[in-house]
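The values are calculated or read from the model by the stated rules, or taken from the named source; none is laboratory data. Since the structure is predicted, the reported quantities are computational estimates derived from the model, not experimental observations. Positions of Cβ are backbone-derived with ideal geometry, glycine not excepted, and every protein chain shown enters the neighbour counts.
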Ligand SMILES: Cc1cc2nc3c(=O)[nH]c(=O)nc-3n(C[C@H](O)[C@H](O)[C@H](O)COP(=O)(O)O)c2cc1C
């Protein structure tokens, strides 16, 4: 299975989390690309068997949180993703608010089946990310 992980990172936390997630995917025996949304090719990402999109949380810390505009713009460039498994992840400092549900809704609007949502308070992958990969492998 080919998994594409893309992320938007300003100070490196989300990049580090994404790279850790890519290592987990590869350890599970899959191919995995990991790129910033600035570098990733939307057509290549959309062609993967499963997609994972990450953003840092941007807001006023306690209110109005969401993914970055660049993240949502990148999702918009992916085109139709009918039935493709997808996961979203975000790093945050205090309160993540609706960041994950906004990302999830954007992917679902393009037809993706969003079945993984992960958050971490720092530069690491969420503890339960490996479960998503295992379930994905089981259903492939
Ligand atoms: C302008 C700005 C706004 C932020 N807003 C929030 C927020 O609303 N809630 C929160 O928990 N963290 C917020 N953060 C913290 C970042 O989301 C957090 O440090 C994240 O891990 C940074 O990821 P990065 O290192 O990949 O850029 C904000 C950071 C910045 C610079």
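Answer with yes or no whether residue 91 is farther than 17 Å from residue 125 by Cβ and in contact with a strand residue (DSSP E or B) (Cβ under 6 Å, 6 or more places away or on another chain).
no
List the pairs whose first member sits in the stretch 3-22 and is over 21 Å from residue 46 (Cβ atoms) and more than 7 Å from the ligand (Cβ to nearest atom), whose second member is modelled with pLDDT of 95 or more and outside any loop (DSSP other than H, G, I, E, B), and whose Cβ atoms are under 8 Å apart, counting only residues at least 6 apart or on separate chains?
17/7; 17/54; 17/89; 17/91; 17/120; 19/34
Could you please give the count of residues in the stretch 95-116 that are more than 13 Å from the ligand (Cβ to nearest atom) and over 16 Å from residue 51 (Cβ atoms)?
1
Scan the stretch 117-138 and report the pairs whose first residue is within 13 Å of residue 50 (Cβ to Cβ) and assigned to a helix (DSSP H, G or I) and whose second residue is within 16 Å of the ligand (Cβ to nearest atom) and at pLDDT 95 or above, with Cβ atoms within less than 6 Å and a gap of 6+ or a chain change.
Qualifying pairs under 6 Å: 129/21; 129/118.
Among the residues of the stretch 23-69, write down those that are exposed (fewer than 14 other Cβ atoms within 10 Å of the Cβ) and in contact (Cβ under 8 Å) with a residue 60 or more places away in the chain.
The one that is exposed (fewer than 14 other Cβ atoms within 10 Å of the Cβ) and in contact (Cβ under 8 Å) with a residue 60 or more places away in the chain: 29.
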